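To keep things clear, I will list the structure first and then write my remarks on it.
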Amino acid sequence: MLVLGFPSEVFGTNCYVLAPAAGEECVIVDPGVDVVGQLSEVLAEHRLRPAAVLATHGHVDHVFSVTPVCGAHGVALSVHTDDRYRLADPLGSLPEAFADMLRQRYGGTAWSEPDDVRTMVDGEKLALAGLDLDVVHAPGHTEGSVMFSLAGLPDGMAAEAGLTSTVLSGDVLFAGSVGRTDLPGGDPEAMNRSLRERVLPMDDETLVLPGHGTPTTIGRERRDNPFLRAVM
């Protein structure tokens, strides 16, 4: 499985591109702020054809570029049904200072949703671009936060000791931390339930590709992440 990831210059949100191999269809996850140019270069370099765009949740740093990306390739955006409302005004759930910064930086450009928006639910199995992704609803950071679970590993990681599967964790789980719960729609109790009921049952041998920061594993986080240890 080809997995290409890079952070946006604003907020450092990781955008991921997944495909069975170079030269095939791909899935784009969380195209954030100012990623269109770099994403275009990645697609061209690896001869990839987007089949879908997925959002782990509806915060603006994860969906800022969904409309130009979907429009350029004629594909749909999928978001969990509980975060569907956020697409009407992604800046609305940001602290005002961050929202003002984005408005000033981009000259107050009007936001518009992609033409084709689809909703996902917990347990849904997505068959896209030759890949099978399981939708894992894990609220707490937002009401509709999800993780995407896949069998297998990115190319070049087969030799990593014991790893067997991959999860794109969005802002649910980071290396050493978890997503904040103090923004509108955040819920500390829901986050703790998600960590306990959705994250902890995952195999230790699962590679974690988070929405921000560096990759990790479930085993490492089970051992070292204080937020996971607190809900065990």
All-but-one check, G130 against (1) out of contact with any His (no Cβ under 8 Å at 6 or more places or on another chain); (2) open to solvent by 60 Å² or more (accessible area, probe 1.4 Å); (3) on the phi < 0 side of the Ramachandran plot; (4) not charged (D, E, K, R), failing number (3)
When region 133-167 is checked residue by residue, the ones that are of a type in the set (G, A, S), buried (at least 17 other Cβ atoms within 10 Å of the Cβ) and touching a helix residue (DSSP H, G or I) at 6+ places or on another chain (Cβ under 9 Å) are A138, G140, G144, S145
Could you run through region 218-232 and say how many residues are open to solvent by 20 Å² or more (accessible area, probe 1.4 Å) and out of contact with any Lys or Arg (no Cβ under 9 Å at 6 or more places or on another chain)? 5
R86 versus (1) surrounded by fewer than 16 Cβ atoms within 10 Å (Cβ to Cβ); (2) in a helix (DSSP H, G or I): which is the lone unmet condition? (1)
Restricting attention to region 9-28, which residues are under 12 Å from H62 (Cβ atoms) and either at pLDDT below 95 or surrounded by fewer than 21 Cβ atoms within 10 Å (Cβ to Cβ) (or both)? V10, F11, G12
Hey, could you check region 176-232 for residues that are in contact (Cβ under 8 Å) with a residue 60 or more places away in the chain and outside any strand (DSSP E or B) and say which is farthest from G12 (Cα to Cα)? R198
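This table checks each residue for (1) open to solvent by 10 Å² or more (accessible area, probe 1.4 Å); (2) modelled with pLDDT under 95; (3) under 12 Å from the mean Cα position of the chain (by Cα).
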position: Q38; (1), (2), (3): yes, no, no
position: V42; (1), (2), (3): yes, no, no
position: A51; (1), (2), (3): yes, no, no
position: H57; (1), (2), (3): no, no, yes
position: S65; (1), (2), (3): no, yes, no
position: A72; (1), (2), (3): yes, no, no
position: V75; (1), (2), (3): yes, no, no
position: S78; (1), (2), (3): yes, no, yes
If a residue must be under 12 Å from S177 (Cα atoms) and not small (G, A, S), how many such residues does region 192-214 contain? 4
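The values are calculated or read from the model by the stated rules, or taken from the named source; none is laboratory data. Note that the structure is predicted; figures quoted are calculated from it, not measured. Don't worry about glycine lacking a Cβ; one is built from the backbone with ideal geometry, like all the others, and counts go over all protein chains shown. Areas reflect the complete protein model, heavy atoms only, side chains present, ligands, DNA and RNA absent. Shrake-Rupley method; radii C 1.70, N 1.55, O 1.52, S 1.80 Å.
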